[in-house]
1. Please go through region 66-96 and give me each residue that is at pLDDT 95 or above and farther than 26 Å from GLY142 by Cβ, ordered by number.
2. Is it true that some residue in region 79-88 is without any contact (Cβ under 8 Å) to a residue 60 or more places away in the chain, among the basic types (Lys, Arg), surrounded by fewer than 20 Cβ atoms within 10 Å (Cβ to Cβ) and within 16 Å of ALA157 (Cα to Cα)?
3. Specify the residue that is surrounded by the most Cβ atoms within 10 Å (Cβ to Cβ); the eligible residues are those in region 144-167 that are assigned to a loop (DSSP other than H, G, I, E, B) and either out of contact with any helix residue (DSSP H, G or I) (no Cβ under 9 Å at 6 or more places or on another chain) or touching a residue at least 12 places away in the same chain (Cβ under 8 Å) (or both).
4. Of the residues LEU156, LEU108, LEU146, LEU140, which single one is of a type outside the set (Phe, Trp, Tyr) and over 17 Å from the mean Cα position of the chain (by Cα)?
5. Looking at region 39-69, which of its residues are surrounded by fewer than 19 Cβ atoms within 10 Å (Cβ to Cβ), of a type in the set (A, V, I, L, M) and in contact (Cβ under 8 Å) with a residue 40 or more places away in the chain?
6. Kindly establish whether GLU112 is in contact with a strand residue (DSSP E or B) (Cβ under 7 Å, 6 or more places away or on another chain), among the acidic types (Asp, Glu) and not in a loop (DSSP other than H, G, I, E, B).
7. For region 82-95, does any single residue satisfy the condition of being among the polar types (S, T, N, Q), closer than 16 Å to GLY20 by Cβ, in contact with a Pro (Cβ under 9 Å, 6 or more places away or on another chain) and in a loop (DSSP other than H, G, I, E, B)?
Amino acid sequence: MTPSRDRPPPPDRILGIDPGLASTGVGVIERTADGWRIVEAHEVTTTSAMPLPKRLRRIHDLVGETIREFAPGAVSVETIFFAKNVKSAVLMAHGRGAAILAASGANLPVFEYSPLEIKQSVVGKGRASKAQVMQMIRVLLGLPELPMSDHQADALACALAHAYRSRLKDAIGEAADGGDEPARTNAKALLAQARRGRKRR
């Protein structure tokens with residue numbers, strides 16, 4: 001069935017961003033016949049000794065260069081988690097702003113997911129540990145070893161969260177448009193999968 005004209009197809013490449021002022025991770029994944037594979041994972045770090053404008057510029061440049069080189073169709077960004085330390089939350093917000101500005105400047109759609117939503121999508125548990133997230137990233141992307149850093153792993157997890165959720169929305173949309181029985185069955189299966197919180201392989 002032909003998808004609705006009002007609903008764009010899920011992107012073939014997704015850029016995930018784990019934002020932060022001290023360190024921002026980026027991860028690009030690509031759709032294949034067998035699922036999703038990693039295209040790139042990188043991060044940039046800044047120090048408190050650097051002027052704030054320079055730190056933000058480095059984050060902005062990292063995201064912009066990644067977009068230009070790998071041409072993702074959508075950007076998935078982690079939202080700010082609740083933090084007792086207001087200063088830490090504000091600093092993270094600065095990094096998010098620089099990353100989102102770079103994505104917006106490239107006219108890409110930006111989707112935001114909470115850490116809870118990302119962990120539920122990738123691991124199946126909203127309270128999953130860092131080690132569990134990294135292990136599932138390795139399995140889901142078919143990596144021979146774990147990602148190089150927490151920030152890169154979180155960026156890849158953010159990208160995968162959007163990949164799974166956009167696939168679910170697309171299937172539901174096809175069924176709602178009056179799709180045939182296989183389309184409705186597929187949508188129901190994906191809904192059940194989302195409720196379980198993890199795509200099993």
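1. Listed by number, the list holds a single entry, ARG68.
2. Filtering region 79-88 for residues without any contact (Cβ under 8 Å) to a residue 60 or more places away in the chain gives 79-88.
Subset that is among the basic types (Lys, Arg): 84, 87.
Filter again for surrounded by fewer than 20 Cβ atoms within 10 Å (Cβ to Cβ), leaving 84, 87.
Going one step further and asking which of them are within 16 Å of ALA157 (Cα to Cα), we end up with none.
Looking for residues that are without any contact (Cβ under 8 Å) to a residue 60 or more places away in the chain, among the basic types (Lys, Arg), surrounded by fewer than 20 Cβ atoms within 10 Å (Cβ to Cβ) and within 16 Å of ALA157 (Cα to Cα), one finds none in region 79-88, hence no.
3. Applying the first criterion (assigned to a loop (DSSP other than H, G, I, E, B)) to region 144-167 yields 144-149.
If we keep only those that are either out of contact with any helix residue (DSSP H, G or I) (no Cβ under 9 Å at 6 or more places or on another chain) or touching a residue at least 12 places away in the same chain (Cβ under 8 Å) (or both) as well, we get 146-149.
On the way: LEU146: 13, PRO147: 22, MET148: 12, SER149: 17.
Taking the candidates together, the pick is PRO147.
4. Details: LEU156 fails: over 17 Å from the mean Cα position of the chain (by Cα); LEU108 fails: over 17 Å from the mean Cα position of the chain (by Cα); LEU140 fails: over 17 Å from the mean Cα position of the chain (by Cα).
Only one candidate passes the filter, namely LEU146.
5. Scanning region 39-69 gives a single hit, LEU52.
6. Details: in contact with a strand residue (DSSP E or B) (Cβ under 7 Å, 6 or more places away or on another chain): yes; among the acidic types (Asp, Glu): yes; not in a loop (DSSP other than H, G, I, E, B): yes.
Here the answer is yes, as GLU112 does meet what is asked.
7. Residues of region 82-95 that are among the polar types (S, T, N, Q), as a first pass: 85, 88.
Within this subset, residues satisfying the condition of being closer than 16 Å to GLY20 by Cβ are 85, 88.
The next check asks that each one be in contact with a Pro (Cβ under 9 Å, 6 or more places away or on another chain); those that pass are none.
No, region 82-95 contains no residue that is among the polar types (S, T, N, Q), closer than 16 Å to GLY20 by Cβ, in contact with a Pro (Cβ under 9 Å, 6 or more places away or on another chain) and in a loop (DSSP other than H, G, I, E, B).
Here's the yes/no breakdown for (1) charged (D, E, K, R); (2) within 16 Å of GLY27 (Cα to Cα); (3) buried (at least 16 other Cβ atoms within 10 Å of the Cβ):
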| residue | (1), (2), (3) |
| --- | --- |
| GLY97 | no, no, no |
| LEU108 | no, yes, yes |
| TYR113 | no, yes, yes |
| GLN120 | no, no, yes |
| LYS125 | yes, no, no |
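The values are calculated or read from the model by the stated rules, or taken from the named source; none is laboratory data. Quantities reported herein were computed from a predicted structural model and do not represent experimental measurements. Note that we place each Cβ from the backbone using ideal geometry, even for glycine, and neighbour counts take in every protein chain shown.
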